[in-house]
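Worksheet: the structure to be examined is printed underneath.
The values are calculated or read from the model by the stated rules, or taken from the named source; none is laboratory data. None of these values were measured; they are calculated from a predicted model. Cβ atoms come from the backbone with ideal geometry, glycine included; neighbour counts cover every protein chain shown. We work out accessible area using only protein heavy atoms, side chains counted, and drop any ligands, DNA or RNA first. Shrake-Rupley method; radii C 1.70, N 1.55, O 1.52, S 1.80 Å.
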Amino acid sequence: MITTTSTVPPQRTCERPTHTARLIRSVSLSDATKHLEFSVEGVDGFHFVPGQFVSIKQRKSDGKEHTRAYSLASAPRGNTFDLCLNRVESGFLSNWLCDLEEGATVEFHGPHGMFTLREPRRDSIFIATGTGIAPIRGMVHWLFEKPERHEGQQFWLVFGTRYEANLYYRDEFERIAREHANFHYVPTLSRCGELWAGCKGYVQDHVRTTVGDRKDMQAYICGLHQMVDANRKLLREELGWDRKQIVFERYD
């Protein structure tokens, strides 16, 4: 059971500088998933590394403060950032965020986290399921904003979900693939309809096919812990990768 849309473990409580962000756009990606765009108030720019997260705070009616970590679903752009999150059964903060109206404000601290692109960059495979696509979306956007960030390298995105309607940001990734021959978008469905002509099954099935016998790549994996663990095991034990080639973030 997913108990939080955070892609990182809960953070220890400590005093950290708090910022205010205003919701400027809210878009439903599915019945249970929202894309939220925020503008950080009082700053000219909000600086972070693609793949990092922010911790959002909100106080419940009983006075208890709740904090949850959410991966940034965008590349840096001025003083704004995006989130991609699910409604969670009996969840407080995620459901509160999903119900926010444009113009409302949130309190947060960050950015935090080390789920970021490694240097020097090399051919890479991004592996995600569900809202695990959030930090990887930011990485992909950043890479293909400028030619010098991606030229001479190949990038694959293997994105898995149950149904075609849940292929979040599909149009964006298909556009990037059309415009850049070195970006390969591989969506796969575990419960596809008869008309689906794309990849079927779980992401690890297509990771194996994509990687083949190569051992000179980098992998970035984000999603539920079972998927992350399965792909780490595949890359390390079956395909012989070194653990340093595998960067991951998982959530429960």
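Here is how the numbers come out for the structure above:
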quantity: Count - residues of region 124-152 that are more than 9 Å from Ser74 (Cα to Cα) and open to solvent by 10 Å² or more (accessible area, probe 1.4 Å); calculated: 11
quantity: Of all residues making up region 34-45, the number that are surrounded by 15 or more Cβ atoms within 10 Å (Cβ to Cβ) and either modelled with pLDDT under 95 or in contact with a Phe, Trp or Tyr (Cβ under 6 Å, 6 or more places away or on another chain) (or both); calculated: 2
quantity: Any hit, region 22-33, residues being open to solvent by 50 Å² or more (accessible area, probe 1.4 Å), of a type in the set (Gly, Ala, Ser) and modelled with pLDDT of 95 or more; calculated: yes
quantity: Candidates Val186, Val207, filtered to the one that is outside any helix (DSSP H, G or I) and either modelled with pLDDT of 95 or more or open to solvent by less than 40 Å² (accessible area, probe 1.4 Å) (or both); calculated: Val186
quantity: Which numbered condition Arg191 misses (of (1) exposed (fewer than 15 other Cβ atoms within 10 Å of the Cβ); (2) free of Cβ contacts under 8 Å to residues at least 12 places away in the same chain); calculated: (2)
quantity: Qualifying position, being in a helix (DSSP H, G or I), more than 26 Å from Gln52 (Cα to Cα) and either in contact with a helix residue (DSSP H, G or I) (Cβ under 7 Å, 6 or more places away or on another chain) or of a type outside the set (S, T, N, Q) (or both), among Arg236, Arg232, Arg178; calculated: Arg178
quantity: Odd one out for Pro50, checked against (1) open to solvent by less than 60 Å² (accessible area, probe 1.4 Å); (2) modelled with pLDDT under 95; calculated: (2)
